[in-house]
Structure formats: structure tokens, C-alpha cells
Amino acid sequence: MSSKFIAPSLLAADFANLQRDIEMVNQSDADWFHVDIMDGVFVPNISFGAPVLQAITRHAKKIIDVHLMIVDPDRYIHTFAKLGSNILTVHYEACTHLHRTLQAIKAEGMQAGVALNPHTNINVLEDTINDIDLVCVMSVNPGFGGQSFIDNTYHKVSQLKELITRKGAKALIEIDGGVTNKNAKSLVDSGADVLVAGSFVFKSSNPLHTISDLKNLANS
Ligand code: DX5
Ligand code: ZN
């Protein structure tokens, strides 16, 4: 079985101690940094923008996985490439010309991701799946950390896995929202490759231990 990845979401980090929390992730068994950018329009919350990402990349020593929850993301593809994003994920629901957006992300040397809201059916990716490096299946409604996991996600992940196999595509499946040690193994068994975890990691008493637990569960 190929290795499964853990991506702690910095949205749940202590912003007054961001460097400390980033160093913790550097030293942990985590694979990626998940960075949530929210504009207060696409989602009802504002997180942080380019200057904060710039500060993050000064210390982060792992893959930077940027999740854009913004309208008209094409405006910022170049900016996020320059800031050192390795993966740039846009929302299907925010892209009128998704195929063009994916090409633009790859032309900037990044991996291209597409996120799907809980209400969006997998079949909308039927004609683009071969152009996508990562599909982020939202297991909560985007905008906030600490929400409860939506159970229909398992069904969506199996459907997505089937689509990827049928089309001979290479996209990784990422799960974002409400991931804990209770659902990590079942998600991987359904077909997930990457687990994002915010609150479960950063609000735990021993984040290093929590990350290695998740990593072991995902690869068991
Ligand atoms: C939600 C964000 C998530 C969030 C996950 O809109 O996309 O990445 O940080 O947080 P938890 O793991 O707390 O649900
Ligand atoms: Zn996210």
C-alpha cells in the first residue's frame, strides 16, 4: 500500500506562537502543511493572506498545501506560486472555467487541486479528473475549524476512487474537516490518501503524539 499523508491545518495553530507551532510540525511525522486562505466572501470567515503565508514559508520545511476558499481564485495564482506554495487547491464552486484555472496553476509550477463542498457531487469532475493532481473532499462546510465530520463523505470518497481508477487518473484524495483518530482509518480504507487535521492536532495535549498516531492509523 502506498504511503498515506497527514497534513496539519495551521488554521488551528496558535497565531501568536506560529513559529513554535510550525517547528513542531517540522519535527513531527506530518507530511504537509495545510494552509487555509479565506476571503469572507466565498466562505463566511476571513483567515489570513499573503503576508502570513510568507511568514509561514520562512520556517516551514515540508510541502505547502494551500487551500483557497476565495472567489475568482485566478487573480491570485501567480501570487501563491511566488510565495512558495507547492499545491494550490481552488474550489470547484468558485471557478467558472475550471479547466483553464487548472492549467494556469500548473503553468506556475504548482500541483493543481480542486476542492468540493459537501453538497457537490463527484460526477462534476468526470471531464477534468485527468488534469487534477489532488481532489480535496470537504467533510465539513468550509469556513471554520472544529466542526463535526459529515458521514456522507465515505460514500463520496468511494465514488471518487472509482472515478479515478476508471479514468486512469493520478489524483490524490484529500479529506478536509473533522478528521480525528475515530475516522482516520475508515477514510483511508474508503480511498483517502491525505488527511487534513486542524483542531484534533493543535487542541490536543500532545500534538506531536497526535500526529504520529494519525500517521500510524492511516498507514495501518
Ligand atoms: C475548513 C478548513 C479546514 C480546517 C479543518 O474550512 O478548510 O482545513 O482547518 O479544521 P478541523 O480539522 O478542525 O475540522
Ligand atoms: Zn482546508
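The values are calculated or read from the model by the stated rules, or taken from the named source; none is laboratory data. Please read all numbers here as calculations on a predicted model, not as lab measurements. Glycine gets a Cβ as well: all are built from the backbone with ideal geometry, and neighbour counts include every protein chain shown.
Of the residues making up the stretch 66-80, those that are buried (at least 17 other Cβ atoms within 10 Å of the Cβ) and either away from ligand 1 (no atom under 16 Å from the Cβ) or touching a residue at least 60 places away in the same chain (Cβ under 8 Å) (or both) are H67, M69, Y76, I77.
Quick grid of which residues meet (1) free of Cβ contacts under 8 Å to residues at least 12 places away in the same chain; (2) of a type in the set (S, T, N, Q); (3) touching an Asp or Glu at 6+ places or on another chain (Cβ under 9 Å):
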site	(1), (2), (3)
T165	yes, yes, no
G178	no, no, no
A184	no, no, yes
D189	yes, no, no
G198	no, no, yes
V201	no, no, no
N206	yes, yes, no
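Tell me, yes or no, whether the stretch 11-22 has at least one residue that is more than 13 Å from ligand 2 (Cβ to nearest atom), among the β-branched types (V, I, T) and under 19 Å from L68 (Cβ atoms). No, there is no match, as no residue in the stretch 11-22 is more than 13 Å from ligand 2 (Cβ to nearest atom), among the β-branched types (V, I, T) and under 19 Å from L68 (Cβ atoms).
Tell me yes or no: at least one residue of the stretch 151-172 is assigned to a loop (DSSP other than H, G, I, E, B) and within 16 Å of ligand 2 (Cβ to nearest atom). No, the stretch 151-172 contains no residue that is assigned to a loop (DSSP other than H, G, I, E, B) and within 16 Å of ligand 2 (Cβ to nearest atom).
Of all residues in the stretch 149-177 being hydroxyl-bearing (S, T, Y) and surrounded by fewer than 17 Cβ atoms within 10 Å (Cβ to Cβ), which is farthest from Q111 (Cα to Cα)? Per the stated criteria, the residue is S158. Which condition does A197 not pass, out of (1) closer than 19 Å to I122 by Cα; (2) within 16 Å of ligand 1 (Cβ to nearest atom); (3) among the hydrophobic types (A, V, I, L, M, F, W, C), if it passes all the others? Here A197 meets the rest and fails (1). Counting only residues that are of a type in the set (K, R), surrounded by fewer than 20 Cβ atoms within 10 Å (Cβ to Cβ) and farther than 21 Å from F144 by Cα, how many does the stretch 181-220 have? Going through the stretch 181-220 one residue at a time, the tally reaches 1. When the residues of the stretch 44-68 are filtered to those that are away from ligand 2 (no atom under 11 Å from the Cβ) and in a strand (DSSP E or B), the one that is nearest to K82 (Cα to Cα) is I64. Do we find that T180 is within 22 Å of N45 (Cα to Cα), away from ligand 2 (no atom under 13 Å from the Cβ), of a type in the set (S, T, Y) and not in a helix (DSSP H, G or I) in this structure? Considered against the rule, which asks whether it is within 22 Å of N45 (Cα to Cα), away from ligand 2 (no atom under 13 Å from the Cβ), of a type in the set (S, T, Y) and not in a helix (DSSP H, G or I), T180 comes out as no. The single residue among V25, V41 that is of a type in the set (A, V, I, L, M), modelled with pLDDT of 95 or more and assigned to a helix (DSSP H, G or I) turns out to be V25. For the residues S3, S28, the requirement of being over 19 Å from Q111 (Cα atoms), more than 14 Å from ligand 2 (Cβ to nearest atom), in contact (Cβ under 8 Å) with a residue 40 or more places away in the chain and among the small types (G, A, S) singles out S28. Among the numbered conditions (1) within 15 Å of the chain's Cα centre (by Cα); (2) buried (at least 20 other Cβ atoms within 10 Å of the Cβ), the only one that T101 does not meet is (1).
Scan the stretch 103-122 and tell me whether some residue there is away from ligand 1 (no atom under 16 Å from the Cβ), touching a residue at least 40 places away in the same chain (Cβ under 8 Å) and not in a loop (DSSP other than H, G, I, E, B). Yes, because at least one residue in the stretch 103-122 is away from ligand 1 (no atom under 16 Å from the Cβ), touching a residue at least 40 places away in the same chain (Cβ under 8 Å) and not in a loop (DSSP other than H, G, I, E, B).
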